[in-house]
1. If I filter the stretch 42-59 down to residues being away from the ligand (no atom under 11 Å from the Cβ) and touching a residue at least 40 places away in the same chain (Cβ under 8 Å), which single residue comes out as nearest to Ile133 (Cα to Cα)?
2. Within the stretch 110-118, is even one residue under 20 Å from the mean Cα position of the chain (by Cα) and away from the ligand (no atom under 15 Å from the Cβ)?
3. Scanning the stretch 62-71 for residues that are in contact (Cβ under 8 Å) with a residue 40 or more places away in the chain and away from the ligand (no atom under 11 Å from the Cβ), which turns out surrounded by the fewest Cβ atoms within 10 Å (Cβ to Cβ)?
4. Restricting to the stretch 138-158, count the residues that are of a type in the set (Val, Ile, Thr) and within 16 Å of the ligand (Cβ to nearest atom).
5. Is it the case that some residue within the stretch 120-137 is surrounded by 15 or more Cβ atoms within 10 Å (Cβ to Cβ), away from the ligand (no atom under 16 Å from the Cβ), more than 29 Å from Val42 (Cα to Cα) and of a type in the set (A, V, I, L, M, F, W, C)?
6. Could we say that Asn176 is more than 15 Å from the ligand (Cβ to nearest atom), closer than 23 Å to Lys80 by Cβ and either at pLDDT below 95 or over 17 Å from the mean Cα position of the chain (by Cα) (or both) here?
7. Name the residue that is farthest from Ser120 (Cα to Cα), counting only residues in the stretch 80-101 that are surrounded by fewer than 19 Cβ atoms within 10 Å (Cβ to Cβ) and of a type in the set (Gly, Ala, Ser).
8. Evaluate the following for Ala161: is it under 22 Å from His192 (Cα atoms), within 16 Å of the ligand (Cβ to nearest atom), at pLDDT 95 or above and out of contact with any helix residue (DSSP H, G or I) (no Cβ under 8 Å at 6 or more places or on another chain)?
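The values are calculated or read from the model by the stated rules, or taken from the named source; none is laboratory data. Just so it is clear, the model here is predicted, and its values are computed rather than measured. Here the Cβ positions follow ideal geometry from the backbone for every residue, glycine too, while neighbour counts run over all protein chains shown.
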Amino acid sequence: MKAFRVNFWMILTLIVASIGFLILIYISSFHAAQLATETKTVQPLVVLDAGHGGEDGGAVGRSPVPEKVLNLTIAQKLEKKLTQSGCKVVMTRNSDVMLGDHSLSTLRERKASDIHKRFSILQANPGCTFVSIHQNHFSNGIYSGAQVFYSKNNPQSSVLAEQIRKSIVSQVQHENKRKNKAATSSIYLLAHAKDPAVLVECGFLSNDSEAQLLNNSQYQQKMADAIASGILQYLQSKNEHTASVPNGDLYSSDSSGIISKKAG
Ligand SMILES: [Zn+2]
């Protein structure tokens, strides 16, 4: 009887110790999994939009090739740079095409359909950073210099615009004094984008010397590199902010009022 009692208490102690050990393992693995989720690096998603395309050539000015060609060339150089830097990049177009419904009867309708298609690509990539590439044009040829327009719907858009502006000034156009501008409703994509969104006018095709530069492959690469630096610096600073606020939603927007006012 005494031997049985000793065995009983020994077995009970062993069972309790085993359960305790299992609980300890469970808790530590749960913490490890939680930590892994918190520190997981999310690949940044960038939607790049080469303005115009196909029968919509965009501006021409003093340039030997239309704006649509320069937009795509710079956007593709930018795509390469961002992909090499670890971003996932979605292009709204990757060849000389107009998007949307080609069967519509007027060019105006087809252009509207093209913009709606671009917007649907943007909407299909929630949480992205949107960058549209264009070239500027003005009736007077004296004006030159890149300018960045930003969407008013998300406060991060102006932060992104400022990073790109600073990059262009420091790497390409040291004399550029142009300020970033909030986009009006005339820029459909920026007026409707919910995610951080900017449009970069790389320069003026109406200006002789800038049109020449924008047609130069090395200059195009410099411009693409500068825009890429701006985007990457923006993404990095956003990442640092996210890391300090693990559950912060940087994409949340309190701008529904602005959108509905515009729609009305
Ligand atoms: Zn354009």
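1. Leu48
2. yes
3. Here the residue is Pro64.
4. The number of residues fulfilling the criteria is 1.
5. Applying the first criterion (surrounded by 15 or more Cβ atoms within 10 Å (Cβ to Cβ)) to the stretch 120-137 yields 121-122, 125, 128-137.
Filter once more, so that each one left must be away from the ligand (no atom under 16 Å from the Cβ): 121-122, 125, 128-129.
Applying the additional criterion that residues be more than 29 Å from Val42 (Cα to Cα) yields none.
The answer is no; no qualifying residue exists.
6. No, not satisfied.
7. Only one residue fits best here, namely Ser85.
8. no
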